[in-house]
Amino acid sequence: MDTESLQLPIIDLASSDRISTAHSISQACMEYGFFYLINHGVEEDLLHEVLEGNRNFFTLPIEEKMKLALKKNRGYSPVYAENLDPSSSFKGDSKEFLYIGPLEDVTPHGDLNQWPPEDILPFWRSTVEDYYKRVLSVGKRLIPLVALALNLDENFFYDIGALNQPNGFLRLLHYPGDLGPSDEEIYGASAHSDFGMITLLATDGVGGLQVCREKTLEPQVWEDVHSVPGALIVNIGDLMERWTNCLFRSTLHRVMPTGQERYSMAFFLDPNPDCVVECLKTCCSEFSPPRFPAIRCGDYLKERFKLIYGS
């Protein structure tokens, strides 16, 4: 089935008119759940440097990458190991990734994050950590505008403790170009919505990302989301949809193979695990009562991960 191209709103993070920007974010989140973010402060040179390092990492032999096999939601996952759509029965998503959690998560046994040795990929770890810090900063600058978009004080999410210790995860992704013949439909990433607060995505410009704005309708209508040079693609996650009583939509999306290799970096900005997510006062009324009970963020995300990974 042919898909239409979607023209997403463009939000300028450097705009001095915060009220107008907040209004634009509100409209984008209600209508699409996605928008482009420009003038965000992550330098093009850094983006290119990280993407080049990612290419070098994913071209390592599988034996080398499997030394970093996924543990406690950190590390490497090979092609077809994950299926983001638990309702489907196909063999898995045609992508591989490296998952990196909060940089300060260090135990007595060392860093929870897993990295290839410096002699194999010199300076790559420090480059990725630099990118992690920059995109986390972007998210923390964006959230006050999201609060304003919800008719809240711009410091609301900080005041309730959501971002005093944010739970940020960076997923470095590689979608192989040549997948070979198959008897079933293959997805780069099967249809899903993100679990958390917001996601900030950087890509190498190769297409494949599609969204379905009306996830309950059948048949589903999918629309292509193209990359805009220099822009991050931002989308709302399920926790934010829950917070806003479904005013802001956590949009179903997927990645379809294009025959080209594709690299991207998804940063999931989630609240402090102890933060309680309950319907915002500005998003409910006598005629629109809260749809969801209050839940601790960490408990919610643990349940969602269990559906995907079984633990």
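How many residues does the stretch 33-65 contain that are in a loop (DSSP other than H, G, I, E, B) and of a type in the set (Phe, Trp, Tyr)? Counting residues in the stretch 33-65 that are in a loop (DSSP other than H, G, I, E, B) and of a type in the set (Phe, Trp, Tyr) gives 0. With respect to Ser250, is the statement that it is among the hydroxyl-bearing types (Ser, Thr, Tyr), surrounded by 23 or more Cβ atoms within 10 Å (Cβ to Cβ) and closer than 21 Å to Arg171 by Cβ true? In short, yes.
Among the residues of the stretch 127-143, which ones are under 17 Å from Phe58 (Cα atoms) and surrounded by fewer than 19 Cβ atoms within 10 Å (Cβ to Cβ)? Residue satisfying the conditions is Thr127 alone. Pairs meeting the criteria (first residue in the stretch 244-255 and without any contact (Cβ under 8 Å) to a residue 24 or more places away in the chain and closer than 10 Å to Val225 by Cβ, second residue open to solvent by less than 30 Å² (accessible area, probe 1.4 Å) and outside any loop (DSSP other than H, G, I, E, B), beta carbons under 9 Å, at least 6 apart or on different chains) are lacking. The criterion of being open to solvent by less than 60 Å² (accessible area, probe 1.4 Å), in contact with a Phe, Trp or Tyr (Cβ under 6 Å, 6 or more places away or on another chain), closer than 22 Å to Leu209 by Cβ and at pLDDT 95 or above holds for Val50. So, of the residues in the stretch 17-43 that are surrounded by 19 or more Cβ atoms within 10 Å (Cβ to Cβ) and among the hydrophobic types (A, V, I, L, M, F, W, C), which turns out to be farthest from Glu154 (Cα to Cα)? Taking the candidates together, the pick is Val42.
Do we have Asp159 as without any contact (Cβ under 8 Å) to a residue 24 or more places away in the chain, acidic (Asp, Glu) and in contact with an Asp or Glu (Cβ under 8 Å, 6 or more places away or on another chain) here? So Asp159 fits the description; yes.
Restricting attention to the stretch 157-169, and to residues there that are outside any loop (DSSP other than H, G, I, E, B) and surrounded by fewer than 19 Cβ atoms within 10 Å (Cβ to Cβ), which single residue is nearest to the chain's Cα centre (by Cα)? Break it down stepwise before answering.
From the stretch 157-169, those outside any loop (DSSP other than H, G, I, E, B) are 157-159, 167-169; that's our starting set.
Still in the running and surrounded by fewer than 19 Cβ atoms within 10 Å (Cβ to Cβ): 158-159.
Details: Tyr158: 21, Asp159: 24 Å.
It comes out as Tyr158.
Within the stretch 1-32, the set of residues being assigned to a helix (DSSP H, G or I) and charged (D, E, K, R) comprises Arg18, Glu31. Scanning the stretch 89-116 for residues that are open to solvent by 60 Å² or more (accessible area, probe 1.4 Å) and either aliphatic (A, V, I, L, M) or modelled with pLDDT of 80 or more (or both) returns Glu104, Val106. Looking at this structure, is Thr216 at pLDDT 95 or above, out of contact with any Ser or Thr (no Cβ under 9 Å at 6 or more places or on another chain) and polar (S, T, N, Q)? In short, no. Could you grab the pairs with beta carbons closer than 6 Å, sequence gap of 6+ or different chains, first residue in the stretch 32-59 and in contact (Cβ under 8 Å) with a residue 24 or more places away in the chain, second one of a type in the set (Lys, Arg)? Cβ pairs passing all conditions: Gly33/Arg249; Val42/Arg134. Close contacts from the stretch 113-134, counting a first residue that is part of a helix (DSSP H, G or I) and a second that is open to solvent by 40 Å² or more (accessible area, probe 1.4 Å), with Cβ to Cβ under 6 Å and a gap of 6+ residues or different chains, come to Thr127/Glu49.
Any residue in the stretch 75-86 that is in contact (Cβ under 8 Å) with a residue 24 or more places away in the chain, of a type in the set (Val, Ile, Thr) and part of a loop (DSSP other than H, G, I, E, B)? Checking the stretch 75-86: at least one residue is in contact (Cβ under 8 Å) with a residue 24 or more places away in the chain, of a type in the set (Val, Ile, Thr) and part of a loop (DSSP other than H, G, I, E, B). Here the stretch 259-310 is the region considered, the condition is being of a type in the set (Asp, Glu) and under 21 Å from the mean Cα position of the chain (by Cα), and the residue that is surrounded by the most Cβ atoms within 10 Å (Cβ to Cβ) is Asp270.
The values are calculated or read from the model by the stated rules, or taken from the named source; none is laboratory data. Model, not experiment: these values are computed from the prediction. No Cβ is skipped: glycine too gets one built from the backbone with ideal geometry, and neighbour counts run over all protein chains shown. What goes into the accessible areas is simple: the full protein's heavy atoms, side chains included, and nothing from ligands, DNA or RNA. Shrake-Rupley method; radii C 1.70, N 1.55, O 1.52, S 1.80 Å.
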